[in-house]
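Structure first, commentary second.
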Amino acid sequence: MTILVNVTYAQPIQIVTEQYPPYNYEQDGEIKGIGTEVVQAVFKEAGMAANIKVYPWARAYKNALKRENVLIYSISRTQQREKFFKWVGVIVPIDFYIYSLIERTDIHIDQLEGAQQYSIGTVRSDALEQLFTGKGFSKVHKSISNKIVMEMLFAERLDLWPISELAANHLLLQNNHALSSVRKVYHLEGFSSDGLYMAFGLQTSDSVVSTFKDALESIKRKGIYQDIIDKYVE
């Protein structure tokens with residue numbers, strides 16, 4: 001398979017993401033994370049510079065949805081989003097859970113609908129917010145970041161915190177909370193089960209999308225992708 005090198009487009013490729021460690025985040029002026037490293041490797045394989053901007057998720061999502069040649073990562077591929085994006089491919093594995101504080105032994109959830117009675121914190125316009133609002137949950141509190149949602153949970157202003165396991169662990173430890181201070185009350189099995197993606201909005205041409213599909217497949221075939229994953233996932 002041939003990778004197109006030094007391809008130039010009428011409009012440069014812009015890359016947007018959110019503050020969602022350890023997948024993607026900005027620290028000391030540098031964009032880091034497992035998803036970021038994969039995206040950077042894909043752009044290098046395609047012979048292009050990767051210029052990444054970190055925004056609140058709602059802004060990043062809108063930019064990719066509405067504008068040509070805007071790549072977004074790490075994004076969950078859900079039924080609600082399927083027809084709105086051109087999906088490049090999976091860049092990181094992910095597993096989602098709903099958490100509560102460890103002392104909330106009164107919370108028991110056997111099926112997702114059982115969570116409707118509790119207040120739930122989500123990030124505005126993210127896949128989890130779309131999941132709960134799409135199912136008619138009435139106690140969904142939308143914020144601009146998972147860090148704020150976590151702080152609301154510890155302040156007992158929320159009952160439940162849905163988030164990926166790696167992201168929860170990272171946020172807890174970075175903010176001086178023990179991993180044992182929360183507990184998993186429900187596994188969102190099947191939700192974005194194949195991983196997080198790179199994607200473009202529908203305004204981007206198929207030829208641009210194909211370039212990045214080829215580059216992603218190439219770094220997976222060469223073992224570059226797995227080397228990055230192995231640094232973060234035991």
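Protection proxy ranking for 20-30, 90-100, using the average of other Cβ atoms within 10 Å per residue and placing the highest first: 90-100, 20-30.
Sorting the Cα pairs of the range 62-117 by distance into bins of 10 Å, from 0 upward, gives 16, 35, 23, 21, 5 percent per bin. Charge dipole (Cα centre; +1 on Lys/Arg Cβ, -1 on Asp/Glu Cβ; no other charges) of the chain amounts to roughly 700 debye. Near residue 96: Cβ cut-off under 9 Å, other residues only, Lys/Arg at +1 and Asp/Glu at -1. The net charge is -3. Note on the chain: Cα-only Rg and Dmax are 18.1, 58 Å.
Would you mind checking the range 152-169 for residues with the amide N under 20 Å from a putative spin-label position 7 Å along Cα→C-beta of residue 50? The answer is 166-167, whose backbone nitrogens lie closer than 20 Å to the label point. Using the Cβ of residue 75 as centre and a radius below 12 Å, the other residues enclosed give a net charge of 0, where K and R count +1 and D and E count -1. For the peptides 78-87, 119-128, the ranking by mean Cβ contacts within 10 Å, running from highest to lowest, is 119-128, 78-87.
Scoring 195-204, 158-167, 214-223 by mean Cβ neighbours within 10 Å over their residues and listing the highest first yields 158-167, 195-204, 214-223.
Quick note: the coordinates plus some simple rules give every number you see, no bench work behind them. Note that the coordinates shown come from a computational prediction; the quantities given were computed from them, not determined experimentally. Cβ: placed from backbone, ideal geometry, glycine included. Neighbour counts: every protein chain shown.
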